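So the structure is just underneath, and the comments pick up after that.
The values are calculated or read from the model by the stated rules, or taken from the named source; none is laboratory data. Just so you know, these numbers come straight off a predicted model, no measurement behind them. Please note: Cβ atoms are built from the backbone with ideal geometry, for glycine as well, and neighbour counts cover all protein chains shown.
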Amino acid sequence: MTLPKEGKLLRIFIGENDKYDGHPLYEWIVLKAREHGLAGATVLRGLEGFGAHSRLHTAKILRLSSDLPIVIEIVDTEEKIESFLPHVDGAIGEGLATVERVDVRFYRAGEPR
């Protein structure tokens, strides 16, 4: 699989405790992205953050939160990202999704160098 030089980055911000269909939402999104043949997905766990309700979520020892921020990043072609968005839109109750243009420098998927 190759990606063109210009792609799109889908970045989804949710909470660690968010669920969909009985599973952690971030896991569901990654599996759905895989089902749709997207190039890849990465889940990042934040140390601290707040969202629409301005409630602070932090990993500090004195204020241990069990609902830390989660960011899922997916890079692929514009067409694939746009066709994937409606699938996750219905699954996210609270959160934020952004799409931005990215320059893909290289993408190596098991191809010899």
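General observations
- When 19, 8 are screened for being surrounded by fewer than 16 Cβ atoms within 10 Å (Cβ to Cβ) and modelled with pLDDT of 90 or more, only 19 passes.
- All conditions in (1) modelled with pLDDT of 95 or more; (2) hydroxyl-bearing (Ser, Thr, Tyr); (3) more than 11 Å from the chain's Cα centre (by Cα) hold for residue 42, with the sole exception of (3).
A quick yes/no check of all residues on (1) assigned to a helix (DSSP H, G or I); (2) modelled with pLDDT under 95; (3) surrounded by 10 or more Cβ atoms within 10 Å (Cβ to Cβ); (4) aliphatic (A, V, I, L, M):
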site	(1), (2), (3), (4)
66	no, yes, no, no
82	yes, no, yes, no
86	yes, no, no, no
93	no, yes, yes, no
105	no, yes, no, no
113	no, yes, no, no
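- Considered as a group, the residues in segment 45-55 that are surrounded by 12 or more Cβ atoms within 10 Å (Cβ to Cβ) and either part of a loop (DSSP other than H, G, I, E, B) or not small (Gly, Ala, Ser) (or both) include one that is modelled with the highest pLDDT, and that residue is 46.
- Scope segment 5-31; condition under 14 Å from residue 69 (Cβ atoms) and outside any loop (DSSP other than H, G, I, E, B); matching residues: 11, 12, 13, 14, 15, 24, 25, 26
- Here residue 98 fulfils each of the conditions (1) at pLDDT 95 or above; (2) part of a helix (DSSP H, G or I); (3) surrounded by fewer than 16 Cβ atoms within 10 Å (Cβ to Cβ) apart from (2).
- Note on segment 3-54: among residues that are of a type in the set (A, V, I, L, M) and without any contact (Cβ under 8 Å) to a residue 24 or more places away in the chain, the one that is nearest to residue 86 (Cα to Cα) is 31.
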